[in-house]
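The values are calculated or read from the model by the stated rules, or taken from the named source; none is laboratory data. It should be emphasised that the depicted structure is a prediction, and the values quoted were computed from it without experimental measurement. All Cβ positions, even for glycine, are placed from backbone atoms using ideal geometry, and neighbour counts span all protein chains on display. We work out accessible area using only protein heavy atoms, side chains counted, and drop any ligands, DNA or RNA first. Shrake-Rupley method; radii C 1.70, N 1.55, O 1.52, S 1.80 Å.
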Amino acid sequence: MTAIETTATADIGVVGLAVMGSNLARNLASHGHAVAVYNRTFARTESMMADHGDEGNFVPSEDIKDFVASLKAPRVAIIMVQAGRGTDAVIDQLADLMDEGDIIVDCGNANFHDTIRREKDIRARGLHFVGTGVSGGEEGALNGPSIMPGGTPESYARLGPMFESISAQVDGEPCCMHVGSDGAGHYVKMVHNGIEYADMQLIGEAYDLLRRGLGAEPAEIAEIFAEWNKGRLDSYLIEITAEVLRQKDAETGKALVDVILDRAAQKGTGTWTAQNGLELGVPLTGITEAVFARALSSSVAQREGSGTLDGHVKDLQVEDRQAFIDDVENALYASKIVAYSQGFQQIEAAGEEYGWDIDLGNLARIWRGGCIIRAAFLNDIDEAYKKDPNLPLLMANEAFVDKINAAVPSWRRVVVMGVEAGIPLPAFSSSLAYFDGIRAERLPAALIQGQRDFFGAHTYKRVDKEGTFHTEWSGDRTETTMS
Ligand code: 6PG
């Protein structure tokens with residue numbers, strides 16, 4: 001703890017002035033908050049001040065001690081550095097300089113397990129630690145992101161109004177809320193990213209089908225996405241898909257999408273979401289298939305070694321252009337709802353596992369603006385949870401059920417066409433399999449239970465009476481009641 005002789009004038013501070021940090025600082029400053037700024041390399045601070053210093057009240061410091069001393073109590077310092085080890089070092093530096101009740105806010109894409117650990121450590125030192133999900137990329141950070149803070153309600157009381165003032169606003173409401181304690185904010189941001197992966201993969205599959213089915217150029221397909229964006233699929237990702245598909249490469253004159261290497265990269269949040277889905281036992285098929293699809297695209301040696309494999313594919317026969325486009329739209333809509341339904345189920349399960357009481361309807365509301373998965377149908381998700389906060393299966397809610405049921409014939413047609421034509425549709429087809437699995441009256445899991453009991457005496461339950469049973473498979477095959 002310190003006693004530094006500097007006038008504290010800043011309402012909030014930002015450590016780490018790469019694009020995201022500097023944009024967040026600029027957003028805060030342009031909303032009337034006095035913002036202390038600090039970067040390990042002072043040159044970056046200087047260049048930010050030179051370029052944007054006139055946008056608001058900034059308090060730059062060359063030294064982290066001066067930075068902390070420039071913050072009004074209780075101090076609020078946002079960290080916007082690359083997630084990982086660097087974060088721990090900065091947290092430590094700040095915590096050493098701060099006083100009881102001060103607040104450290106991590107706005108990076110941290111793993112929620114790390115956030116839970118850090119919150120505990122920092123709380124033990126008398127400070128608050130707020131893991132905060134921020135979505136919207138560079139543009140969002142500057143002009144209005146969706147903000148998902150975790151941590152204590154006391155820290156939100158100090159921080160929340162500032163965040164609410166800089167977040168995106170939809171229907172006059174800020175896209176920011178206190179999500180829950182410790183790692184809850186980073187957790188929902190992680191799932192947000194998982195849904196983002198699923199959404200992007202599904203859009204990719206729709207594009208692949210349209211391109212091959214219609215034999216159309218990317219610019220023509222852009223118009224289909226632009227049209228879809230006027231309807232129930234209205235969303236940021238559909239909108240930018242049209243933009244990407246329209247783009248021409250200046251060098252070759254070709255569609256840019258045709259000269260971009262087809263290997264999708266990732267920084268890991270989708271993988272974390274899938275791992276956590278497995279840990280919680282939530283069937284997170286849409287998101288997980290999307291993560292695997294990126295991995296497959298980047299499996300260079302395997303793809304190169306696949307040349308001798310014969311797909312026995314049939315030509316895609318599209319007789320009615322518009323009917324085909326409508327089929328793909330239906331399949332995309334239904335599969336997207338599956339991905340959201342699974343993601344929300346995961347957040348609900350996480351609430352039980354990690355002790356959070358996350359309001360799923362309000363979460364859908366703060367994702368309506370600013371973030372990458374912002375979409376018109378988040379209003380329907382909000383409504384569904386408002387009607388039934390304990391909704392077991394989002395996709396079966398009245399907000400969606402008629403639309404999904406109406407989409408099913410198209411969904412099946414599209415998956416069958418893809419299978420016959422050899423077009424990989426992992427997310428479309430696994431979403432349809434999930435749909436069929438979840439609505440099946442009886443699943444072959446009964447057989448799996450029998451097999452488990454056969455080789456491992458793992459026991460099974462019966463449909464017609466209470467208790468646990470085992471069959472003497474290698475003996476006289478009589479059944480024993482175990483409990
Ligand atoms: C956002 C984005 C942002 C980023 C992710 C995904 O919500 O603003 O999700 O956080 O784009 O890191 O990136 P990868 O595709 O590289 O995992």
message: Checking the structure you have, find out if any residue of segment 105-114 is touching a Phe, Trp or Tyr at 6+ places or on another chain (Cβ under 7 Å) and of a type outside the set (D, E, K, R).
response: yes
task: Run down 84, 32 and say which single residue is within 25 Å of residue 147 (Cα to Cα), more than 16 Å from the ligand (Cβ to nearest atom) and not polar (S, T, N, Q).
output: 32
query: Would you call residue 260 more than 14 Å from the ligand (Cβ to nearest atom) and assigned to a helix (DSSP H, G or I)?
result: no
query: When segment 366-401 is examined, which residues are found to be among the charged types (D, E, K, R), open to solvent by 50 Å² or more (accessible area, probe 1.4 Å) and not in a loop (DSSP other than H, G, I, E, B)?
result: 383, 386, 387
Residue in segment 109-119 that is within 16 Å of the ligand (Cβ to nearest atom), under 17 Å from the mean Cα position of the chain (by Cα) and farther than 18 Å from residue 91 by Cα present: no
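One line per residue, one yes/no per condition, for (1) touching a Pro at 6+ places or on another chain (Cβ under 6 Å); (2) open to solvent by less than 20 Å² (accessible area, probe 1.4 Å); (3) more than 16 Å from the ligand (Cβ to nearest atom); (4) under 14 Å from residue 204 (Cα atoms):
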site: 252; (1), (2), (3), (4): no, no, yes, no
site: 256; (1), (2), (3), (4): no, no, yes, no
site: 267; (1), (2), (3), (4): no, no, no, no
site: 270; (1), (2), (3), (4): no, yes, no, no
site: 286; (1), (2), (3), (4): no, yes, no, yes
site: 295; (1), (2), (3), (4): no, no, no, no
site: 299; (1), (2), (3), (4): no, no, yes, no
site: 303; (1), (2), (3), (4): no, no, yes, no
site: 306; (1), (2), (3), (4): no, no, yes, no
query: Mind checking whether some residue in segment 341-358 is surrounded by 24 or more Cβ atoms within 10 Å (Cβ to Cβ) and within 16 Å of the ligand (Cβ to nearest atom)?
result: yes
- request: Sort out which residues of segment 139-188 are crowded, with 24+ Cβ neighbours inside 10 Å, hydroxyl-bearing (Ser, Thr, Tyr) and part of a loop (DSSP other than H, G, I, E, B), and write them in order of number.
  value: 167
- prompt: Hey, among the residues in segment 121-138 that are surrounded by fewer than 24 Cβ atoms within 10 Å (Cβ to Cβ) and at positive phi, which one's farthest from the chain's Cα centre (by Cα)?
  reply: 126
- prompt: Restricted to segment 234-250, and to residues that are open to solvent by less than 60 Å² (accessible area, probe 1.4 Å) and polar (S, T, N, Q), which residue is nearest to the chain's Cα centre (by Cα)?
  reply: 235
Tabulated pairs, segment 312-329, first within 16 Å of residue 421 (Cβ to Cβ), second among the basic types (Lys, Arg) and open to solvent by 90 Å² or more (accessible area, probe 1.4 Å), C-beta under 8 angstrom, 6+ apart or interchain: 316/212; 327/413
message: So for segment 160-173 (the condition being on the phi < 0 side of the Ramachandran plot, of a type in the set (Gly, Ala, Ser) and within 15 Å of the ligand (Cβ to nearest atom)), does at least one residue qualify?
response: yes
Residue count for segment 294-311, restricted to those that are assigned to a loop (DSSP other than H, G, I, E, B), free of Cβ contacts under 8 Å to residues at least 24 places away in the same chain and among the polar types (S, T, N, Q): 3
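To keep it simple, each residue is scored yes or no on (1) of a type in the set (Lys, Arg); (2) open to solvent by less than 90 Å² (accessible area, probe 1.4 Å); (3) at pLDDT 95 or above.
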{"residue": "417", "(1), (2), (3)": "no, yes, yes"}
{"residue": "424", "(1), (2), (3)": "no, yes, yes"}
{"residue": "436", "(1), (2), (3)": "no, yes, yes"}
{"residue": "442", "(1), (2), (3)": "yes, no, yes"}
{"residue": "445", "(1), (2), (3)": "no, yes, yes"}
{"residue": "453", "(1), (2), (3)": "no, yes, yes"}
{"residue": "457", "(1), (2), (3)": "no, yes, yes"}
{"residue": "464", "(1), (2), (3)": "no, no, yes"}
{"residue": "475", "(1), (2), (3)": "no, yes, yes"}
field: Selection from segment 272-284 of residues that are open to solvent by 40 Å² or more (accessible area, probe 1.4 Å) and closer than 13 Å to residue 196 by Cβ
entry: 272
